[in-house]
1. Take the alpha carbon atoms of region 160-200, find their center, do the same for region 20-98, and report the distance between the two centers in whole angstrom.
2. With an 8 Å Cα cut-off and a minimum separation of 6 or more residues, compute the relative contact order for region 131-207 in percent.
3. Any idea how far apart Asp63 and Glu100 come out in nm if each label point goes 7 Å out from Cα toward Cβ?
4. Restrict the search to region 131-204; then list the trypsin sites (Lys or Arg not before Pro) that DSSP places in a loop and that have at most 15 other Cβ atoms within 10 Å of their Cβ.
5. Could you check the spin-label model distance between Val173 and Asp226? Points 7 Å from the Cα along Cα→Cβ, value in nm.
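Here, each number is a calculation from the coordinates, and none is a lab measurement. Being a predicted model, the structure only gives us computed values, none of them experimental. As a convention, Cβ positions derive from the backbone with ideal geometry for all residues, glycine included, and neighbour counts pool all protein chains shown.
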Amino acid sequence: MWLETRTLEGFHSIVRTENEILVWLRANGAKRLERVRLRDNRSTIWSLTRGGTVLNLHNAFGDAPPPLLRQFVVIARSGHCHSSAFATAAAEVRSWPPLERALRSARLRRAPRKGRVVRGDGPCCGSPEQRVYLQKLYRYLNVTRFDGLLPSRVYLRFSNRMRSRLGQMVPGVRNGQLAVIEIALNVDLMLSGNGRMRLDTMVHEMAHAADYLFNGNVGHGQSWKDWAEYSGCDAAACTHGRIGRRRRGLTTVDRVPSLPKAARELAAA
């Protein structure tokens, strides 16, 4: 085990390797973990993959103190179960101050060059009709929930690679200005019966966009909660709710839901 020293400001330690973190987590109860990977991400904080045996962490957690690492023990043992212990642990992880600084630094290091047009982080798996649906939904919610404060044009896409997340907003910088690189939704949200979660997830991610553009913040802090309240969405810390999923082996979803009448009229204006 590594040595830790405590000061009035908290714990201080050397940066740990992936294997050192894995050994510590397993020794403290995360027995299912087989691997820990540190990533230099711009927005993703952590994720569990391969049936909960691989924990991907933002590299900011390389020097996280033991009390914070214990929250990852809770997360790893809970998987994606939404118990109160899981919610508390996830909130503790997201609110760790060095994380926000590391995310901001990663975004600035990987900011697009001046004049470069950035479409987004990944391809859209949706059909042309689904992309039109998403654009109309965004326009409708921007007007009705955000008073038209968000940019009229944002790169929107569907993803068939999200395992637990329902959506994401990718922040970035364009020409020296804060910008939304993309808003992506889990394509499973287009399945029948997921209408409520599809709407809530879109508003949730748009609240992240507003928080980043107007407050310069990421995560689920108080400024995001203010935007969530402003837009009328549930100020929950994450969008990992239960939804209907694709059958095993399917990579595409063809369904295009009907837009509310008000959204259709607004989109046609």
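1. Rounded to whole Å, the Cα centres lie 22 Å apart.
2. Details: 88 pairs, mean separation 21.1, N = 77.
Over region 131-207, the number comes to 27 percent.
3. Result: 2.0 nm between the two label points.
4. Arg153, Arg161, Arg163
5. Result for the modelled spin labels: 2.4 nm.
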